[in-house]
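These notes are about the structure you will find just below.
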Amino acid sequence: MESNDFIEKLIAEMTLEEKAAQMLQVPVSVVGMDEAREWARKGVGSFLNVIGDDMREIQRVVCEESRLKIPAVFGIDAVHGHCLNRRATIFPSQLAMAASFDRELVEKIGRVTATEVATEGIQWTFSPILCLARDPRWGRTNETFGEDKYLAGELGVAIIKGYQGEDLKDGSSVLACAKHFIGYGEATGARDSYDTEITFRKIRDEFLPPFRKAVDAGCATIMTAYGSIDGTPLTINDKALRGLLRDELGFDGFLITDWDTVNSLIRRQRVCDNHGDASRLAAAAGNDMIMCSTEFYDAIVQQVREGKLQESVLDEAVRHILTIKLRQGLWEKPLKTGIPGSIGCDAHHEVALKAARESVVLLSNNGVLPVRNDRKIRKIAVIGPNADDIRAQYGDWTYFTHPVPGRETEPERPYVTLLEGVKEQLQDTDIKVVYSYGCSVNRRFYYKGNYPDTGAFMEQVYADNDHDAEFYKEMPYVNEAAAVARESDLVILALGDNYTQAGEYTDRADLGLSGMQGALLRVLSTLHVPIVTVLISSKPLAIPDVVKKSDAVICAFNGGMYSGRAVAEAIFGKLNPRGRLPISFPVMTGQVPVYYNQLPGWHEGRYVDCPAEPLFAFGEGLSYTWYEYSGLKFDKETKTVSVDVKNTGDMDGVEVVQVYVNDVVSSVMTAVKNLAAFCTVDLKAGEQKTVELKLDDEAFSIIRPDETSVIEPGEFIIMAGHSSKDEDQIKISVEF
Ligand code: NOJ
């Protein structure tokens, strides 16, 4: 931790109350502007969920009317672009951008997002999520980089670099926030924020690596997870927060709790029955900033006055916060300046289009794709609930799902839905495009009322599970779609989920197609018209039937503003798809978890009523060409893999080269394989290149029962290929 005279003098001058205030982050969307102004006068350290004039007004009050005039830092969830602002550039979700396996692109996305956030004046985004999504029932699957620790770590570092730039003082740099520390994605039954049944050995092995990389990359802030590990909430988990994060990883930024988790210790997790204990335990465990739980302010002051907590704990937290504020240059420039006119500018939209293109994953194709304009096709039917629904295409965390008070939530152009993308591609042809809605993703109703426990107001969407009622209400739409399809030469069918099924409060027990989508598909598949299904969804769905009944399946996830254009380009062969799955698809819900890097066991993981293999595995993704691998070598000295990759088809393409490692015999069990390196390579039709990839020590090390990390001598298998599947790989054995 840097020691700095300016900061030390400030801390010496601060009252206990001012220290408590500095440690607090106040949600303006909840408390409103009048109360926010009062907090600002007390010198609160941070505010969230406020933008525009309101934000400027709060900062003015902090800088002019609080005693010490320490500028506040404003935070926002800009997690796939500055998406709470409807004029901003909207990128693919983290899950969709992960399908690019493209560090450079992800860094650019971070840079553009930071510039737009900073242009709003805001200095901090709560991104990236470095949790792994290994059980896709989890509602927040879309927010992750997928199921693999290596991919999450690499792309996490890339986006952090993009957000923070070269220098935190830069007018367009914002603080990144790696979240949620730790094991959050592993909650039992994929129930968001529930207890996590993992050991610290497993944490080190599986979940810590991306955070270690984030800390090494200089990530300025980290957010504690909502949940608990083995009965101890992360909010008070000294072993995780002080032990792992501070002492071991050497994190020197500041640590913020998640939303209202200090209150949650009392209300939900019930490990405390008063604010004093909850506040003391949270601070003592190493949280520097407390999000939302404003009771902390009085409670922590009292705890120190009563001698239950040393004031030095508060000093340390304040020091962490002020050090980052100083590094940001907040005293010189209390708000970021960004680049005027850059929000949603053309150059940024170009990056969104590139990102949309790179995130298209072709899952199956019997040859129907790419569709050529060869006069066999005269009419194309675009059908389905997600074909022309920008809200579904965007998914979670946009101005639709998290409206900022006072801002409009009407869809803002430009964006291109799938229907629009198809029309764009065909505008200079005489192929006719017809559209039919088909059915809804889920029938739903809204609940507006108060949370039973906190009394806070909520607006919530519930799925209506009355299938009979659904059937009768929706049948006319299905029939209409069938009539439209019958008259057509090709059906492009957009299925999936929508924003009511993605995010917090939206874990799913059933990963099958919801509503009448399955019935729609069944009806259309009886018509003998080729079907290209496009999955617009926040997560992998269990869709074996879709694969069987479709001639081709494309997965777009939530591809952002230009996803419709990118997918249409892929359908008509203007784009050679190159995206790869950052997460495996289950055959059926009961098969989860199906992540690729599991520990080996008996019976090959088979169920009697379901195969062992996933429907689609991590790293899979087709294109309109083929790649052949040969000449795999490994240099032990430099830990470098080299492999020859040839484009054997007749279309130029981009291959995502993947290298996996298996430790053949080790003192603790290790995964059947782990991704250890990847890169992308451009290959013209017929071209061959030798690709070199350097592996980290981590690729060969294990975590022993005593939690130490070691490389055990012996045999390792190195695999290189097109996906995580054995049949897509060539392998060699090496000895250490
Ligand atoms: C709760 C979420 O868990 C976290 O990811 C988010 O950053 C905060 N709310 C702030 O909105």
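For the reader, a short list of remarks on this structure follows.
- The residue that is nearest to the ligand (Cβ to nearest atom), among those in segment 365-402 that are in a strand (DSSP E or B) and open to solvent by 20 Å² or more (accessible area, probe 1.4 Å), is 365.
- Residue ranges of helices (runs of 4 or more DSSP H) in segment 258-363 with at least 3 members open to solvent by 30 Å² or more (accessible area, probe 1.4 Å): 275-284, 296-305, 311-328, 346-358
- For beta carbons closer than 6 Å, sequence separation of 6+ or different chains, a first residue in segment 4-33 that is within 24 Å of residue 122 (Cβ to Cβ) and a second that is open to solvent by 40 Å² or more (accessible area, probe 1.4 Å) and within 16 Å of the ligand (Cβ to nearest atom), the qualifying pairs are 29/405.
- Of the residues making up segment 212-230, just one is touching a strand residue (DSSP E or B) at 6+ places or on another chain (Cβ under 6 Å) and either more than 16 Å from the ligand (Cβ to nearest atom) or aromatic (Phe, Trp, Tyr) (or both), namely 229.
- The single condition among (1) closer than 14 Å to residue 732 by Cβ; (2) in contact with a helix residue (DSSP H, G or I) (Cβ under 9 Å, 6 or more places away or on another chain) that residue 643 does not satisfy is (2).
- Of the residues making up segment 118-172, those that are of a type outside the set (Asp, Glu), over 21 Å from residue 538 (Cβ atoms) and assigned to a loop (DSSP other than H, G, I, E, B) number 8.
- Only one of 67, 86, 37 that is of a type in the set (Lys, Arg), assigned to a helix (DSSP H, G or I) and either out of contact with any strand residue (DSSP E or B) (no Cβ under 7 Å at 6 or more places or on another chain) or buried (at least 22 other Cβ atoms within 10 Å of the Cβ) (or both): 37
- Restricting attention to segment 598-644, the residues being open to solvent by 40 Å² or more (accessible area, probe 1.4 Å), within 19 Å of residue 684 (Cα to Cα) and assigned to a loop (DSSP other than H, G, I, E, B) number 1.
Each row is one residue, and each column tells you yes or no for (1) farther than 18 Å from residue 11 by Cβ; (2) among the hydroxyl-bearing types (Ser, Thr, Tyr); (3) out of contact with any Phe, Trp or Tyr (no Cβ under 6 Å at 6 or more places or on another chain).
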position: 246; (1), (2), (3): yes, no, yes
position: 255; (1), (2), (3): no, no, yes
position: 258; (1), (2), (3): yes, no, no
position: 267; (1), (2), (3): yes, no, yes
position: 273; (1), (2), (3): yes, no, yes
position: 300; (1), (2), (3): no, no, yes
position: 316; (1), (2), (3): no, no, yes
position: 322; (1), (2), (3): no, no, yes
position: 326; (1), (2), (3): no, no, yes
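- Among (1) under 20 Å from residue 405 (Cβ atoms); (2) crowded, with 24+ Cβ neighbours inside 10 Å; (3) within 16 Å of the ligand (Cβ to nearest atom); (4) among the aliphatic types (A, V, I, L, M) - the single one residue 51 does not satisfy: (2)
- Inter-residue pairs, beta-carbon under 6 Å, first outside the structural domain of residue 227 (by TED's automatic domain parsing) and charged (D, E, K, R) and in segment 490-518, second surrounded by 24 or more Cβ atoms within 10 Å (Cβ to Cβ) and modelled with pLDDT of 95 or more, 6+ apart: 497/537; 497/538; 507/138
The values are calculated or read from the model by the stated rules, or taken from the named source; none is laboratory data. Source: prediction; values computed, not measured. Backbone-built Cβ (ideal geometry, glycine too); neighbour counts: all protein chains shown. For accessibility, only protein heavy atoms count, side chains too; no ligands or nucleic acids. Shrake-Rupley method; radii C 1.70, N 1.55, O 1.52, S 1.80 Å.
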